[in-house]
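Student: Structure provided below as structure tokens; questions to follow.
Coordinate-derived values only; no laboratory data. Note that this is a predicted model, so its numbers are computed, not measured. With ideal geometry, Cβ positions are generated from the backbone for all residues, glycine too; neighbour counts draw on all protein chains shown.
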Amino acid sequence: MDEPTTLRALGALLTYPGPELRAALPEIGSGLAGARHLPRASRERLARLVAWMLATDGLDLEGAYVAQFDRGRATSLNLFEHVHGDTRDRGPAMVELKEIYARAGFGLATRELPDFLPVVLEYLSCRGRDEARAMLGDCAHVLRNVGETLRRRDSAYAAVFDALLAVAGEPGIDFDAPVEEPDAGKPEASIDEDWAEVPAFASPAADAGAPQVAEVRFVPRRRAAGS
């Protein structure tokens with residue numbers, strides 16, 4: 001499995017596990033097992049994730065997905081939740097991201113928001129390797145934060161975020177780190193308070209002769225003095 005196909009497979013694993021995805025799991029698992037550009041440990045964790053998904057009853061799997069990704073901001077798959085939250089900056093960021101897709105010749109064919117991680121991965125799977133790695137690298141600390149939260153919750157889905165960090169050329173998630181209780185003064189559901197409210201996606205290069213490259217900017221928010 002090459003890198004673009006890997007991105008598409010990882011994105012598929014993060015979609016709602018309806019009958020279509022469950023039917024495709026054996027093929028996805030086989031492909032990821034042969035993704036030699038991923039570290040062996042990442043491939044082994046992905047194999048365990050796929051095996052768990054295959055062994056879990058459909059309704060139970062759907063319930064687990066909702067519990068992991070649809071309740072609370074800490075593990076939201078909408079990237080701008082981790083940058084803008086519910087602030088007024090989120091709308092313009094969405095518009096800008098859709099324009100990036102349009103300039104590259106893509107239009108959303110789903111009802112998902114443009115910052116939904118599987119949508120972003122689908123887009124990157126159709127772009128060049130440099131652009132994909134740059135975009136994933138720019139949001140690596142968001143991917144890491146979600147992945148670490150899933151690891152603390154003992155969720156097999158953490159394997160997907162570990163693999164995405166590997167594709168970005170970033171250090172993976174430390175699965176051997178001790179699990180600590182969340183800071184009582186900083187609940188995981190409020191992680192949007194840790195990220196800057198700045199435009200996340202810069203415009204592609206203005207030079208008409210340059211490739212159309214989108215660049216993600218997810219920057220940690222500066223702490224106020226005394227906080």
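Student: Output ³J(HN,Hα) for region 34-44: one whole-Hz value per residue in order, computed from phi by the Karplus curve 6.51 cos²θ - 1.76 cosθ + 1.60 with θ = phi - 60°, and x for Gly and Pro.
Tutor: The phi angles translate into x, 7, 5, 7, 8, x, 4, 4, 5, 5, 5 Hz.
Student: Relative contact order of region 109-170: what whole-number percent is it, with Cα pairs under 8 angstrom and at least 6 residues apart?
Tutor: 32 percent
Student: Could you list Y16, Y123, Y101 in order of exposure, starting from the residue whose Cβ has the fewest other Cβ atoms within 10 Å?
Tutor: Y16, Y101, Y123
Student: Still on this structure, I have one more. What does the charge add up to near R48, with Lys and Arg as +1, Asp and Glu as -1, over the other residues with Cβ less than 15 Å from its Cβ?
Tutor: +1
Student: If you place +1 on the Cβ of every Lys and Arg, -1 on the Cβ of every Asp and Glu, and leave all else neutral, what size is the dipole of region 48-152 about its Cα centre, to the nearest 20 Debye?
Tutor: In debye, rounded to 20, region 48-152 gives about 240.
Student: Under a crude label model (7 Å from the Cα following the beta-carbon direction), how far is S30 from R48 in nanometres?
Tutor: The answer from the label model is 2.4 nm.
Student: Is the C-alpha gyration tensor of region 1-143 telling us rounded, prolate or oblate? Criteria: a/c under 1.5 is rounded; beyond that, a/b larger than b/c is prolate, otherwise oblate.
Tutor: oblate
Student: Within 10 Å of each residue's Cβ, count the other Cβ atoms and sort E62, E20 from fewest upward.
Tutor: E20, E62
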